[in-house]
Amino acid sequence: MGMLLRECKIEVIRIFRNPYFIFWSLLMPIIFYVIFTKVVNTGMENQALWNAIFLMSIAAFSVMGSAIMTLGIRMVQEKSEGWTTLLRVTPLPASSYFIAKMIGQSAVHVFSIIIIFFAGFLINGVTMPFGEWLLCGLWILLGSAPFLAMGLLVGTMKKVDTASGVSNIFYLLLAITGGLWMPMEILPKLIQTIGMWLPAFHYGNGAWAIVQGESPELKNVLILGMYLILFMILSIYIRRKQEVV
Amino acid sequence: MQPVVQIENLTKEFKGKRAVDDVSFTVQRGEIVAILGPNGAGKSTTMLMMLGLLKPTAGIAKLFQEEPQSRAVHERIGVMLQQVSLMDALKVKELLALFQAYYPKPLSLETLVKLTGMTNGELDKRTEKLSGGQKRRVGFALALAGDPDLLFFDEPTVGMDSTARKQFWLTVKELAEQGKTILFSTHYLQEADDIATRIILFNEGKVIADGSPIEIKRNLLRQSISFKLNETIEKAYLMNMKDVLAVVEDKGRLKLMTENPDSVLRKLFELDLRLEDIAIEKGRLEDAFEQLTVEQEVS
Ligand SMILES: Nc1ncnc2c1ncn2[C@@H]1O[C@H](COP(=O)(O)OP(=O)(O)O)[C@@H](O)[C@H]1O
Ligand SMILES: [Mg+2]
């Protein structure tokens with residue numbers, strides 16, 4: 001257990017030392033938030049509610065991105081450079097490596113969520129009962145599980161360039177079709193239909209519901225759970241196949 | 001005594017091409033073994049199979065009579081792979097502390113610093129800021145972190161300057177004196193000769209010689225002079241000639257084994273024998289050795 005904890009701590013330190021993380025996961029989403037709530041007039045009837053809802057969207061956007069990209073690309077990099085190979089001849093259990101990466105990444109997500117929520121409070125005076133803040137934070141944290149699993153899947157790729165290209169495209173497509181950039185309702189009908197079956201919409205939707213005093217729909221939980229299982233099975237299967245050389 | 005390393009009929013094929021071909025040997029505690037061979041001889045592939053990192057096409061590899069993948073084995077071995085890679089965004093001392101925590105009875109940081117010659121400045125540096133040679137030194141420290149009984153080094157001195165090299169081999173000898181078993185690969189004859197108690201010579205995936213450096217070199221230097229002789233001569237007479245090590249008769253030809261073919265030839269001509277169809281053949285190790293780097297470049 002001590003070994004795992006230390007491993008997690010190291011992962012957290014490493015992520016914070018990565019300048020790209022600060023830029024892509026914190027700075028970019030907050031700039032986005034400012035643009036779509038302050039600069040561009042979105043013409044929302046209830047501006048206060050929109051400010052709260054869009055805050056959830058960009059928090060989800062940030063956490064989803066770092067789950068897929070930071071986790072996945074790092075793993076590819078460590079594998080292609082041979083670091084993972086060296087770890088395989090140490091007493092560190094292989095599972096610890098993956099678990100530490102996911103826990104460490106989640107710990108960093110707690111930090112991202114707090115910063116982004118706080119930015120929403122500072123920029124637009126977004127307020128809600130403490131319990132709702134907490135529930136939203138928890139939803140975004142736990143709901144990121146399928147994206148962490150997707151990161152593991154990206155982590156099975158061979159080249160850093162491929163991994164970063166592919167994960168970037170999937171990330172942006174998911175964010176757009178999931179209504180994390182602009183409300184689902186203003187997207188073309190076809191994209192809405194497709195988006196309903198992808199995980200990002202259900203990820204955002206849970207938090208949007210909590211902001212409006214409702215609870216996430218069962219469907220949100222089920223679809224996220226389904227993608228979690230799918231990505232886990234896929235990444236375990238691919239990893240098994242790669243190991244036999 | 002139970003062998004520390006045991007490999008039997010180890011074979012690895014990559015897309016039908018044999019990289020390692022039916023290799024068997026055992027290593028006892030306290031040996032310093034050099035796996036010597038030119039590039040592409042199959043040294044790394046053999047090492048990776050020994051470590052359980054590569055699945056053999058055929059044959060078995062055991063460390064301490066156990067599967068190389070077992071945790072009990074991992075607690076007793078230290079490894080430096082051919083391509084040293086370090087986790088980035090960490091200071092050297094943070095990385096070392098992480099590795100120390102993997103093992104039940106790790107060496108202290110002071111000991112690691114003393115053994116590898118790392119400086120305090122290096123310990124505080126981020127791993128991605130290190131030079132190639134410094135990285136190797138950290139890789140060396142990582143291999144030693146768990147105070148292992150058995151060490152594997154794949155081409156350890158490539159990229160080190162001559163001072164670093166000296167320090168490295170000094171430490172290796174010290175470790176061997178403590179009873180540790182050491183296996184390293186190299187394509188430098190000199191290095192194998194200076195350090196190893198035993199050389200296993202690889203060429204084209206096969207072990208072509210296995211013995212002490214002295215035995216290996218003797219084999220290397222041995223050449224043969226063969227000829228047809230149109231008169232009869234006592235074999236014993238040739239045998240007693242200076243520098244002749246052995247005489248064999250084969251398909252009507254006489255073959256003299258020697259380490260000094262020049263002097264033997266001179267003697268044969270002085271005897272005014274009717275020699276025909278003379279051939280001088282180099283030892284069978286020569287082929288492999290010609291591709292080896294005998295002298296290390298001075299850096
Ligand atoms: N992963 C691989 N795929 C295909 N061929 C390989 C692979 N690894 C090594 N080889 C080939 O196997 C042979 C032995 O390689 P290697 O063990 O690296 O030699 P050495 O370490 O002695 O230089 C070479 O011909 C090399 O090209
Ligand atoms: Mg090699």
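Computed from the coordinates by the stated procedures, all read-outs in this text should not be read as laboratory data. Note that this is a predicted model, so its numbers are computed, not measured. Every residue, glycine among them, receives a Cβ derived from its backbone with ideal geometry; neighbour counts consider all protein chains shown.
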Find the percent of Cα-Cα distances in the protein assembly as shown that exceed 40 Å, and round it to a whole number. 44
Principal axis lengths of chain B from Cα atoms, whole Å, largest first? 78, 40, 38
One finds the C-alpha centres of the range A:7-82 and the range B:167-224 to be spaced, in Å, by 55
Equivalent ellipsoid dimensions for the range A:62-205 as semi-axes, Å, which come from the Cα gyration tensor, largest first: 30, 21, 12
If you wrap a convex hull around the Cα atoms of the range B:29-183, how much volume per residue is inside, in Å³? 119
Between B:Pro148, B:Thr181, B:Thr197, whose Cα lies farthest towards the positive end of the dipole of the range B:136-230 when Lys and Arg beta carbons carry +1 and Asp and Glu beta carbons carry -1, centred on the Cα centre? B:Thr197
What does DSSP give for the range B:5-217 in terms of the percent of beta bridges that are antiparallel, rounded to the nearest 5? 50
B:Val248-A:Glu243 FRET efficiency (beta carbon distance; Förster radius 60 Å; 0.05 resolution): 0.70
What number comes out for the charge environment of B:Pro148, summing +1 per Lys or Arg and -1 per Asp or Glu over other residues with Cβ under 12 Å away? 0
Can you tell me the Rg and the Dmax, both Å, for the Cα atoms in chain A? 18.3, 61
Going through the range A:101-188, which trypsin sites (Lys or Arg not before Pro) have at most 13 other Cβ atoms within 10 Å and a DSSP loop state? A:Lys158, A:Lys159
Starting from 0.36 nm per residue, how many nanometres of slack lie between B:Glu8 and B:Gln82 once their C-alpha separation is accounted for? 24.3 nm
What is the calculated FRET efficiency for B:Gln69 to B:Ser108, with r their C-beta to C-beta distance and R₀ = 41 Å, to the nearest 0.05? 0.90
Surrounding charge for B:Asp272, neighbours by C-beta under 15 angstrom, Lys/Arg +1, Asp/Glu -1, total 0
Take the Cα gyration tensor of the range A:16-80, multiply each eigenvalue by 5, square-root it, and list the three semi-axes largest first, rounded to whole angstrom. 31, 11, 7
Starting from the Cα of B:Asp193, step 7 Å along the direction of its Cβ; do the same at A:Met28; then give the gap between the two resulting points in nm. 5.8
Local net charge near A:Val12, Cβ-Cβ under 13 Å (Lys/Arg +1, Asp/Glu -1): +3
Hey, what do the phi angles of the range B:87-93 turn into as Karplus ³J(HN,Hα) couplings, whole Hz, using 6.51/-1.76/1.60 and θ = phi - 60°, x for Gly and Pro? 4, 8, 6, 10, 6, 3, 5
Going by C-beta contacts inside 10 Å, put B:Ser185, A:Ser235 in order with the fewest on the left. A:Ser235, B:Ser185
As a percent rounded to 5, the proportion of antiparallel DSSP bridges among beta bridges in the protein assembly as shown is 65
The extension gain from B:Glu204 to B:Glu177, computed as 0.36 nm times the residue separation minus the Cα-Cα distance, is 6.5 nm
